[in-house]
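These notes are about the structure you will find just below.
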Amino acid sequence: MTALLSLENVSRAFGGLRAVDGVSFGIEAGEILGLIGPNGAGKTTLINVITGVHPANSGRVIYDGRDITRLKPHQIAKLGLSRTFQIVQPFPKMTVLENVAAGALFAGQSPSMAEASREAMEQLRFTGLASVADKPALSLTLAQRKRLEFAKGLAMKPRILMLDEVNAGLNEAEIDDALAMIRKVAEKGVAIVLIEHLLKVVISVSNRIVVLHHGQLIAEGEPSAVLRDPAVVEAYLGAKYAARYGGAS
Amino acid sequence: MKNWLILLAGTGVLALLPLLGDNYLMRLATMVAMYVILAQSWNFIGGLAGYPSFATAGFFGLGAYTSAVLQGMGVPLFASWGAGGLAAVIFSALVGGAILHLRGHYFAIASLVTVEVLREIVNTTPDITGGGMGLNLPIMRMTVAEHATFFFYSMLAVAFACMACAIVVHKSKLGFALRCIQQNEDAANILGVNAYLYKTIGFGFSAVFAGIAGAIYASWVHYIEPPDVFDVLISVKPLVMVLLGGLGTIFGPVIGAFILLTFEEFVWRTFLTVHAAALGVIIVALVLFLPNGVLSLTREKLGLRRRAAGEKR
């Protein structure tokens, strides 16, 4: 089976810092891929490389059989790769509906503004934000803003959705809601890349996990196997953590 | 729909002005129309996209000189006005490609420099443009009243076209894209907005009508020189008018144009020697105390009313 998205030996440096260093892996349709690693491991940079914000210095990003390494962010967005931001990035003065409609109109390429609004409303219902559709994005709570990011990502009609810490700062009930949504989206065939610090969340939802450390890929595979990997334990988890989660699952 | 009605009604009322037969009033009305054009032009890039352009005087002066030079070569009046607008658009596309990747103050400074570059080009090509000596335009054979009426209607027609364009753009995909860019350009890019393309188009809209206005102005006053049509005030006033009226709104620029011209006339008469300073003080005070423009007052009122109605329900 060929991967929907594959990274081939991708590197990105900022000055002397190799933030992403020779990373290769693939993602298949409908898969939920957990991307974990310590702070500064290069997770967000990797997303920036894929989405064209900070193009790779070397290596290639292949999406659907096409080299997208050098494409611009807006072109990549239109091809069906969408992302959410770790630090939420709404258009503060626009309404929640307009925020999501922007995703549908520009990346999702809805034929008209009316159609974009209709699709946006659908995503707001799915993410449980329909009741605040006409409020300015600025007025939302953090949990709602995270869901707004999610709704925006979905309105872009993605084939790959990259979620950068959508659960950070949420309480348990909110996280459960978010995970249920993520699973539903993946069931429709959308590949999900999930950057996440809460290991419990990653393990419960991911089909596969990729671990980054100092910009390098140090482990890849089944969640339980990866968490038992000695390199991962040393770099990220600590032995106690590994015993608690790696052994249990 | 409501916007169209307001525009048509407003233009209709203004169009009756020549019936009064007051040439002073006609001159003022022509100036208002010109101010509306310049303010609304700036609003496309400055208000909608949030790019503080100081290039308006460049478009205005380029339009004026293009039209003046072409008329000197025997090109008919209306064609030369159209050419003025076209020259401004082409220039905006060339310059926009070079400076629209700059943001905030950097863009402001770069756009300001484009005006100086144009002024210098005119100054150093006296064979074509008359250089610092200025350029005379063909005198038109009409009475004073006919002259006033003709230029009033010309300016009003362009102002109408510019306003109509604004109404369409505000509702369009382009307007939406520009608002996204204004609020968060990086996020807009990630959402699939081709920011560079839309900014350049927005810059083009901010150029075309300013260029035509400059062309009409040149014909109106018969004589242009670089310090007149490349005056930095032509770049600053639109910004002030839009801030006065309401940033990124459709009718804010119109309100701002009326307010600014009223103040200018009033202050000019009352404080003949220190009028520039007095005008400055008034502008600063208005911007300080009404940062969101006059339209925000009505909107706040409407908002309150709507909220009250919601509570009753």
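With q set to 0.24 Å⁻¹, the log10 of I(q)/I(0) for the stretch B:1-66, from the Debye formula over equal scatterers at the Cα positions, is -1.04. Relative to one another, the C-alpha centroids of the stretch A:173-191 and the stretch B:170-246 are positioned 44 Å apart. Working from label points 7 Å from Cα in the Cα-to-Cβ sense, the residue A:130 to residue B:121 distance is 5.7 nm. Residues in the stretch B:274-289 carry Karplus couplings, in order, of 10, 4, 5, 5, 4, 4, x, 4, 4, 4, 4, 4, 5, 5, 5, 8 Hz; the curve used is 6.51 cos²θ - 1.76 cosθ + 1.60 with θ = phi - 60°, and Gly or Pro positions show x.
Only four residue types carry charge here, +1 at the Cβ of Lys and Arg and -1 at the Cβ of Asp and Glu. Report the dipole size of chain A about the Cα centre in Debye, rounded to the nearest 20.
Working: 27 positive and 24 negative charges, 82 e Å.
Using only the charged Cβ atoms, the result is roughly 400 debye.
The residues of the stretch B:163-193 listed by number as losing at least 30 Å² of accessible area in the complex, against the isolated chain and with a 1.4 Å probe, are B:173, B:176, B:179, B:180, B:183, B:184, B:187, B:189, B:190, B:191, B:192. Taking the 1.4 Å solvent-accessible surface of the stretch A:5-245 as the whole, the part contributed by carbon and sulfur is 52%. The residue B:223 and residue B:173 beta-carbon pair, evaluated with R₀ = 56 Å, returns a calculated FRET efficiency of approximately 0.85. Take the Cβ atoms of residue A:13 and residue B:272, set R0 to 60 Å, and the FRET efficiency comes out at 0.40.
Report the percentage of all Cα-Cα pairs in chain B whose separation exceeds 24 Å, rounded to a whole percent.
Beyond 24 Å sits 54 percent of the P(r) for chain B.
Hull volume per residue, based on the alpha-carbon atoms of the stretch B:185-228 and their convex hull, is 75 Å³.
Computed extension gain for residue B:165 through residue B:101, at 0.36 nm per residue and net of the alpha carbon distance, reaches 20.5 nm. Under a 5 Å amide H cut-off, with hydrogens placed 1.01 Å from N, residue A:83 pairs with A:162 among residues at least 5 apart or on other chains.
Quick one: ranking A:14, B:150 by accessible area, 1.4 Å probe, largest first, what do you get?
Details: A:14 80, B:150 55 Å².
So, going from the largest accessible area down, we get A:14, B:150.
Of the whole protein surface, residue A:201 contributes about 10 Å² of accessible area at a 1.4 Å probe radius.
In terms of its Cα atoms, the protein assembly as shown spans 97, 64, 42 Å along the principal axes, sorted from long to short. Residue order by solvent-accessible surface for B:147, B:105, A:54 is B:105, A:54, B:147, largest first, with ligands and nucleic acids left out and a 1.4 Å probe. Annotation: average projected area of the stretch A:5-245 is 12.7 square nanometres, based on the convex hull of Cα atoms across all directions.
Each Lys and Arg Cβ is given +1 and each Asp and Glu Cβ -1; about its Cα centre, the protein assembly as shown then shows a dipole of about 1160 debye. Specify whether the C-alpha gyration tensor of the stretch A:1-94 places it in the rounded, prolate or oblate class, a ≥ b ≥ c being the square roots of the eigenvalues: rounded for a/c under 1.5, otherwise prolate if a/b is larger than b/c and oblate if not. Rounded, because the longest to shortest axis ratio a/c is under 1.5. Given their separation in residues at 0.36 nm each and the Cα-Cα distance between them, residue A:93 and residue A:200 gain 35.0 nm when the chain is fully extended. Of all the options A:180, A:137, A:29, the one that moves most in a Gaussian network model of chain A with Cα springs shorter than 10 angstrom is A:180. Computed per residue of chain A from DSSP H runs no shorter than four, each worth -39500 (n - 2.57), the mean residue ellipticity at 222 nm is -10500 deg cm²/dmol.
Under the convention that each Lys and Arg Cβ holds +1 and each Asp and Glu Cβ holds -1, the size of the dipole of the stretch A:107-163 around its Cα centre is about 200 debye. Under the simplified labelling scheme, the residue B:236-residue B:93 pair shows an inter-label distance of 3.3 nm, with each label point 7 Å from Cα along Cα→Cβ.
Averaged over the residues of A:101-107, the number of partner chain Cβ atoms lying within 10 Å of the residue Cβ comes to 6.
Please give the average number of partner chain Cβ atoms lying within 10 Å of the Cβ of each residue in A:84-93, rounded to a whole number.
3
Excluding same-chain neighbours fewer than eight residues apart, the aspartates and glutamates reachable from residue A:184 by a Cα-Cα span under 19 Å are A:28, A:31, A:119, A:122, A:149, A:164, A:165, A:172, A:174, A:176, A:196. With helices defined as uninterrupted DSSP H runs, which ones in chain A have an alpha carbon span along their own long axis of at least 18 Å and mean Kyte-Doolittle hydropathy of at least -0.5? The answer, listed by residue number, is A:142-155, A:172-187. Annotation for residue B:109 and residue B:142: the two label points, set 7 Å from Cα along the Cα-Cβ direction, are 4.5 nm apart.
Ordering A:79, B:87, A:138 by the projection of their Cα atoms onto the charge dipole of the protein assembly as shown, which places +1 on the Cβ of Lys and Arg and -1 on the Cβ of Asp and Glu, puts A:138 at the extreme positive end.
The values are calculated or read from the model by the stated rules, or taken from the named source; none is laboratory data. Here the structure is a predicted model, which is why all the values come from computation and not from measurement. Methodologically, a virtual Cβ is constructed for each residue, glycine included, from the backbone with ideal geometry; neighbour enumeration extends over all protein chains shown. For accessibility, only protein heavy atoms count, side chains too; no ligands or nucleic acids. Shrake-Rupley method; radii C 1.70, N 1.55, O 1.52, S 1.80 Å.
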